[in-house]
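Below is one structure, written out as structure tokens; the observations come after it.
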Amino acid sequence: MNRPAISDILSPLSEKEYQAYLSNALQVADILKWALSQTGPANVQMTSFSISEEFLRRIFFIEREGLVRSLDIVLDFKATNKTLKLWPFIAQTVGNCYLSDNHSKILLVSNEVWKVAVVMSQNLTRGNRYESGFITTDASVFDSLHQQLDYVITRQSVPFHDIFSRTVDNR
């Protein structure tokens, strides 16, 4: 069975301020690339419980296309062991990685023209399960999530490189 194209599931950002999906054909990296193909190069912030090597590979290629200006990711403390194993790849693809008590899954894409906010059910992993999401270009929704994420990053998280360097130093 052929999977539908993203254009069969989502409308262009310029056509719909709000849209939702429930699909087993979309991955977070698909949504990110789709958004960046419309916004052009942008700053990206993401939150997730965990991250996978498959997702990082996709990010690597999206960045290589010059579509990502900066990338910040917030992951959960409970996934630290998995994150430590992926650190060499994370260090090459993610500008800033933070750990917090986090189970949220959001994607924020912004530049001088666009503010795109995505709230989704999928972690930064690859899977073939049904996942849901809500996408909006409403600047007030973006600004609210961005402000709250900034609070988590500045007041409720630890920069992952600090944890990693302590782990390496204690070996």
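The values are calculated or read from the model by the stated rules, or taken from the named source; none is laboratory data. Keep in mind that this is a model prediction, so the values were computed, not measured. All Cβ positions, glycine included, derive from the backbone under ideal geometry; neighbour counts span all protein chains shown. Surface areas here come from the heavy atoms of the whole protein model, side chains and all, with no ligands, DNA or RNA. Shrake-Rupley method; radii C 1.70, N 1.55, O 1.52, S 1.80 Å.
Restricted to the stretch 1-30, and to residues there that are under 19 Å from A139 (Cβ atoms) and not in a loop (DSSP other than H, G, I, E, B), the residue that is least open to solvent (accessible area, probe 1.4 Å) is Q19.
Per the conditions (1) basic (K, R); (2) more than 20 Å from Y130 (Cβ to Cβ); (3) not in a strand (DSSP E or B), the sole criterion not satisfied by R69 is (3). Against the condition in a strand (DSSP E or B) and either surrounded by 14 or more Cβ atoms within 10 Å (Cβ to Cβ) or in contact with an Asp or Glu (Cβ under 6 Å, 6 or more places away or on another chain) (or both), how does V152 come out, does it pass? No: the conditions fail for V152. Scanning the stretch 44-67 for residues being buried (at least 22 other Cβ atoms within 10 Å of the Cβ) and either farther than 19 Å from Y151 by Cβ or small (G, A, S) (or both) gives a total of 4.
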